[in-house]
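Nothing in this text is a laboratory measurement; each read-out follows from the coordinates by a stated rule. Remember, it's a predicted structure, so these values are computed and weren't measured experimentally. Cβ coordinates were reconstructed from backbone atoms using ideal geometry, including for glycine residues, and neighbour counts include every protein chain displayed.
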């Protein structure tokens, strides 16, 4: 699926905001954010700096991203769930924020979460949706 520059930026920024919801960035989150950023076409150094500084960066407005389509929003939410669980637990604030993103994009979080959970149970792994996006 082709994704616009604006959606790419919102995707990465939105996942950055998600990582700071539990007030820490774990090593698995850091590695996954670098991978997502690169798949979205961002320079590795930019991704590393953004992830390292997200907990102290007060200039990023903490608002749920609104994407150009519900399909991009659904893929974002699935990647957000994967990111939230990469440290083996999703924090309640992370889940609440993903639910707010779903609502802002006219979606319901619970069916997306249920779909992701089913995929995870079947395969014991859920691939990143961002890897299927073209820039």
Which label in [x] 1.24; [y] 0.95; [z] 1.04 gives the computed Cα Rg over 2.2 N^0.38 Å | [y]
Go ahead and set up a Gaussian network model of the chain, Cα springs under 10 Å, then flag whichever of 76, 46, 109 fluctuates most.
-> 46
Which of the peptides 95-103, 12-20 is most tightly packed, and how do the rest follow, judged by the mean count of other Cβ atoms within 10 Å per residue?
-> 12-20, 95-103
Would you calculate a helix-derived [θ] at 222 nm for the chain, using -39,500 (n - 2.57) for each DSSP H run of n ≥ 4 and dividing by the full residue count, to the nearest 500?
-> -19500 deg cm²/dmol
Quote the relative contact order of the chain in percent (integer), defining contacts as alpha-carbon pairs under 8 Å separated by 6+ residues.
-> 36 percent
For the stretch 41-58 and the stretch 74-115, distance of Cα centres in Å = 21 Å
